[in-house]
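Report on the structure given below.
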Amino acid sequence: QVQLVESGGGLVQAGGSLELSCAASGRAFSTYAMGWFRQAPGKSREFVARINWSGTSTFYTDSVKGRFTISRDNGKSTVYLQMNSLKPEDTAVYYCAAARTGTMHAGGYDYWGQGTQVTVSP
């Protein structure tokens, strides 16, 4: 069982930066691939980024490549999402999730956080 708690969301102007954190409970954190997803109002949840258990492999959706960076610290049981050059279309609730194997598909994730709101003003 893994419990996930996101933090770091907020309101930022376009072009600004935020770093999201996702703290995990449970000693099995280092065995899980981790992902970030987001859901904007009226839209379905979409994949943002994922990272493998060791942090040596990452993958991003095209719209955030070059702007967002996913990383993890297994010693702290935490995964991060550094978001730079934010755009109004990045506004959404951001969720972290844990999976046994890395995937872009939400259905492949076993555990989810409660989400943190990110709002980017024009």
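The values are calculated or read from the model by the stated rules, or taken from the named source; none is laboratory data. Since the structure is predicted, the reported quantities are computational estimates derived from the model, not experimental observations. In this analysis, Cβ positions are derived from the backbone assuming ideal geometry, glycine residues included, and neighbour counts consider all displayed protein chains. All accessible areas refer to the heavy atoms of the entire protein, side chains included, with ligands and DNA or RNA removed. Shrake-Rupley method; radii C 1.70, N 1.55, O 1.52, S 1.80 Å.
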#### Entry: Residue, nearest to residue 55 (Cα to Cα), within region 94-122, restricted to residues that are polar (S, T, N, Q), open to solvent by 50 Å² or more (accessible area, probe 1.4 Å) and not in a strand (DSSP E or B)
101
### Query
Of these, 19, 46, which one is acidic (Asp, Glu) and within 14 Å of residue 9 (Cα to Cα)?
19
### Query
Has region 21-41 got any residue that is touching a helix residue (DSSP H, G or I) at 6+ places or on another chain (Cβ under 9 Å) and surrounded by fewer than 18 Cβ atoms within 10 Å (Cβ to Cβ)?
yes
### Query
Do we find that residue 52 is among the polar types (S, T, N, Q) and in contact with a Ser or Thr (Cβ under 7 Å, 6 or more places away or on another chain) in this structure?
no
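Any residue in region 41-54 that is within 20 Å of residue 117 (Cβ to Cβ), among the small types (Gly, Ala, Ser) and in a loop (DSSP other than H, G, I, E, B)? Step through it out loud before you land on a result.
Kept after step one, since they are within 20 Å of residue 117 (Cβ to Cβ), are these residues of region 41-54: 41-49.
With the extra rule that they be among the small types (Gly, Ala, Ser), the set shrinks to 42, 44, 49.
Now restrict to residues that are in a loop (DSSP other than H, G, I, E, B): 42, 44.
The answer is yes; a qualifying residue exists.
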### Message
Can you pull out every residue in region 29-83 that is among the small types (Gly, Ala, Ser), closer than 18 Å to residue 94 by Cβ and touching a strand residue (DSSP E or B) at 6+ places or on another chain (Cβ under 6 Å)?
### Response
33, 35, 40, 49, 71
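Output the residue which, of all residues in region 1-46 that are of a type in the set (Ser, Thr, Tyr) and farther than 17 Å from residue 108 by Cβ, is modelled with the lowest pLDDT. Working first, answer last.
Residues of region 1-46 that are of a type in the set (Ser, Thr, Tyr), as a first pass: 7, 17, 21, 25, 30-32, 44.
Narrowing further to those that are farther than 17 Å from residue 108 by Cβ: 7, 17, 21, 25, 30.
Working: 7: 97, 17: 98, 21: 98, 25: 94, 30: 90.
Only one residue tops the list, namely 30.
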### Query
Has region 60-74 got at least one residue that is assigned to a loop (DSSP other than H, G, I, E, B) and closer than 21 Å to residue 1 by Cβ?
yes
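Here's the yes/no breakdown for (1) at pLDDT 95 or above; (2) under 11 Å from the mean Cα position of the chain (by Cα); (3) open to solvent by less than 50 Å² (accessible area, probe 1.4 Å); (4) among the small types (Gly, Ala, Ser):
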| site | (1), (2), (3), (4) |
| --- | --- |
| 48 | yes, yes, yes, no |
| 61 | yes, no, yes, no |
| 64 | yes, no, yes, no |
| 71 | yes, yes, yes, yes |
| 81 | yes, yes, yes, no |
| 86 | yes, no, yes, no |
| 92 | yes, no, yes, yes |
### Task
Looking at (1) free of Cβ contacts under 8 Å to residues at least 60 places away in the same chain; (2) in a loop (DSSP other than H, G, I, E, B), find the lone condition where residue 16 falls short.
(1)
